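Step one of this worksheet: look at the structure below.
The values are calculated or read from the model by the stated rules, or taken from the named source; none is laboratory data. Keep in mind that what you see is a predicted model, and the values were worked out from it rather than measured. Here Cβ is always computed from backbone atoms with ideal geometry, including for glycine, and neighbour counts include all displayed protein chains. Just so you know, the surface numbers come from the protein's heavy atoms only, side chains and all, with ligands and any DNA or RNA stripped out. Shrake-Rupley method; radii C 1.70, N 1.55, O 1.52, S 1.80 Å.
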Amino acid sequence: MEKHHEPLKASSDVLLSDTFTLVPSEGLLLSLQLTKTELQVHSQPSGHHAPTSTRLFLTDCIGCRTFKGKDPADIGGYFTVVFYPLMMGKGSTAYRQRVSRTFRAGTFQGRDQNMQVARTWVQTIQQLADQQGEPYFLPTSPHFLVLVNPHGGTGKALELFQKHVIPILMEADVHFTLLVTERPNQARELVRDQDLSRWDAIVVMSGDGLIFEVVNGLMERPDWMVAIKKPLAILPGGSGNALAASVNHYSGQQQVMGTKLLINCSFVLCKGQPQPLDIVSLTTLSEKRIYSFLSLAWGFISDVDIESEKYRFMGSIRFSFGTLVRLTALRTYRGRLSYVKDSTLSKTKDLDTITNNPSSDNKCPVIQTDGVVKEELEDSLLVPLGQPVPSHWTVVQEDEFVLVLALYQSHLGADLYTAPMVQNLGEGNIHLFYATSRISRGSLLKLFLSMEKGTHMDTEIAHLVHVPVKAFRIEPLQNTGIMTVDGEVIPCEPIQGQIHRGLGCCISAPSKT
């Protein structure tokens, strides 16, 4: 939203133009002009007040509606338009803030004629707002399944959904079915067993753990190839909120936390579009198949994540506190780390190519078991864990590690901008970070302090290695230490994984910058 004290010049592409009264006000007359991209509001001179002009961009518009006045004698036709522009708050950070304007049409002597004027403006604004940005693949009034974990983070997810998200969904004419989870794996079982065709997307308000359940539940379905394409959406309601922070980043919005991040992500939910989401297929020594959308961690990072659970009441700051605690008693873990590099990595990512053919390298051989035919996702880069890695793989020579992290999104937490090189959900790369036992406590502290702004990649940190890969293998030599997938604890045992580019689908709003 931009304000000007001088009237804006009339544009040649003005589609609608008329005079209205601002509501509520004491008869303040406004001249409205609607172009293909913005609503221009010009105030007329009044008393000692100079005329002003405001530009409301349709890319920020989430909804508008018409209504009649409460007084039966009121012949006016009313309409309200709601925008969520990026505006500066306290400090130097911009985030989405609600701007609502209500106008009264009263040019004609009859209510029906004035209501028709209001309807014309609303219909045109809605049509133009829908045309902004990416092609719209979801219905105009979509129906979402919303899963809320009431115990995530500080335990206020349901309250935050009711207070902040529901009003936005109503303004955007979004319908939803709300399910508040009551136990672990409830969401996993629901998306695995239910008919999902009644919903246009599955929205998760929680930390990263609940969406981990959803992804794995979808992949357990007999029709997983279709189900995994059901658009997912994330609203931050936990402590980590890594995927929410990543989506916020990809949408061209500044790094924020708390309610600001929630409002930003709610806006993306209403205005964004389904985008390809990378999924990493993991296999353990016990032959368990796990599907991951975010990360695998072993060592320092997973220690902090899990051991800081006792500080959950602190919210996201628990991770910073846990980092300081763990630095006082640093651990090392013995194991073998192997990987195959990404030989196709380039600085320029072609999102259109990913969108048009997101799963060209996701092979699905037909497997027949007990007379039942089922297609399974093939990890073509991997060999069984009992066999040595292929000769073209790289094997790290050292075997004592402080941390190993495989990350496929930009953020590891709401304030951990760990992989700033990642620009969208479906780039098809695993960013492998590892630190050997020779890294100092000072270097680790420097790493985590600079990770908030992503500046750790600008300076060399001794004994910290980053390499983009397509597949990796971790083989702990002792079954000690905490290993996590998307923040969820798994047994510490040999594990390997391969990325499947654009296998899943998540609602985002790619930045145009």
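General remarks:
- Calculated on alpha-carbon atoms, Rg and Dmax of segment 120-175 in Å: 14.9, 45
- Rolling a 1.4 Å probe across the protein heavy atoms gives the chain an accessible surface of 45 Å² per residue.
- Once the Cβ-Cβ distance of Met88 and Thr37 is raised to the sixth power relative to R0 = 22 Å, the FRET efficiency obtained is 0.50.
- Extending 7 Å from Cα along the Cβ direction at Thr459 and again at Ser443 yields two label points whose distance is 1.4 nm.
- Three semi-axes of the equivalent ellipsoid, segment 143-277, Cα gyration tensor, whole Å, largest first: 22, 16, 15
- Folded to 0 to 90 degrees: helix 317-327 orientation relative to the chain principal axis, Cα: 20
- For segment 151-248, the list of GluC sites (Glu not before Pro) that fall in a loop by DSSP and count at most 13 other C-beta atoms within 10 angstrom reads Glu182.
- On the basis of the beta-carbon distance and an R0 of 25 Å, Leu29 and Asp74 show a calculated FRET efficiency of 0.90.
- Computed from Cα atoms alone, the Kirkwood hydrodynamic radius reported for the chain is 24.9 Å.
- Tensor-based shape of segment 372-469 (alpha-carbon gyration tensor, a/c under 1.5 rounded, otherwise prolate or oblate): oblate
- Tilt relative to the chain, helix 208-219 - C-alpha long axis, 0 to 90 degrees, to 10: 80
- Comparing Cα centroids, segment 69-114 and segment 406-435 end up 41 angstrom apart.
- A straight chain from Thr52 to Thr19 at 0.36 nm per residue would run longer than the Cα-Cα distance by 10.4 nm.
- Carbon/sulfur fraction of accessible area - the chain, other protein chains in place, 1.4 Å, %: 52
- Of the residues Leu261, Trp199, Leu169, the one whose Cα sits farthest toward the positive end of the charge dipole of segment 143-277, with +1 on the Cβ of Lys and Arg and -1 on the Cβ of Asp and Glu, is Leu261.
- Relative contact order of segment 143-277, pairs being alpha-carbon contacts under 8 Å that are 6 or more residues apart, as %: 28
- Extension gain for Glu220-Gln127 works out to 29.6 nm (0.36 nm per residue, less the C-alpha to C-alpha distance).
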